[in-house]
Amino acid sequence: MNKGRVEAFTDAIIAIIATIMILEFKMPQNSNFMALLSEWSYLLAYAISFFFIMVAWFNHHYMFTLLPRLTKKIFWVNNIWLFSMSIIPVSTAWVGRFVSDRTPEYFYFFIFAVWTVTYVWLSYTIMMEIQKIDEVKADKIRQMIIYQVLTSKWFLLGVVLMLIVAYFVPWVILIFTIIELIVYAINTSVDADQLF
């Protein structure tokens, strides 16, 4: 299969996912600015999810630019990753409506955890394919901050601690996700702008 077609398909799916999330935003019932502010929790959840998806999309393009050819395995792992991402709008809408409730926050976390596992799987699969031809390019994926953080034992420890704290303070999951987002957005690969 042509790598460009899979990239274009992925771009389209990601654009749709990012767009559907805003459709859950409820229009204020009056022209008062406070009516708009009453939707702050959904706007926050939407912003976090939207920019998280954009950071992932940027890193996805970086990996695909390094990838010499598409394999059937990469195609299917990419589809599984897209599927996990397609559930983000549901978790975003739920947590946006009930930001202080445990169940929606844990569901939001669960969806991001599934997304994390599939993203690491995709990164690893691409890295292994590239490694067959070019160890230097494979190492570029290994050195990506998002890959290093998601595969770190410290990240796993942070997740466990966050889940415990979230039992008492549910919205800590959104704070944890904001911190992740900032780390990934700021620390992109040094040559990311030169490859495109």
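Computed from the coordinates by the stated procedures, all read-outs in this text should not be read as laboratory data. These figures come from a predicted structure and were not determined experimentally. Counting neighbours? That spans all protein chains shown, and the Cβs are built from the backbone with ideal geometry, glycine included.
At-a-glance table
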item: Per-pair calculated FRET efficiency, R0 = 22 Å: A8 and T71 via Cβ, rounded to 0.05; result: 0.80
item: In degrees, nearest ten, helix 153-168 long axis to first principal axis of the chain (Cα); result: 10
item: The chain - mean residue ellipticity at 222 nm from DSSP helices (-39,500 (n - 2.57) per run, n ≥ 4, rounded to 500); result: -26000 deg cm²/dmol
item: Cα-based helix-to-principal-axis angle, 172-186 vs the chain, degrees rounded to 10; result: 40
item: Environment charge at E24 (Cβ cut-off 14 Å; Lys +1, Arg +1, Asp -1, Glu -1); result: +1
item: Candidates per trypsin sites (Lys or Arg not before Pro) in the stretch 66-147, loop by DSSP, up to 16 other Cβ within 10 Å; result: R69, K132
item: Gyration tensor (Cα) of the stretch 3-195, equivalent ellipsoid semi-axes in angstrom; result: 32, 19, 14
item: Cα long-axis angle, helix 72-86 against the chain (0 to 90 degrees, to the nearest 10); result: 10
item: Eligible aspartates and glutamates near K73 by straight Cα distance, threshold 17 Å, same-chain separation 8 or greater; result: E7, E129
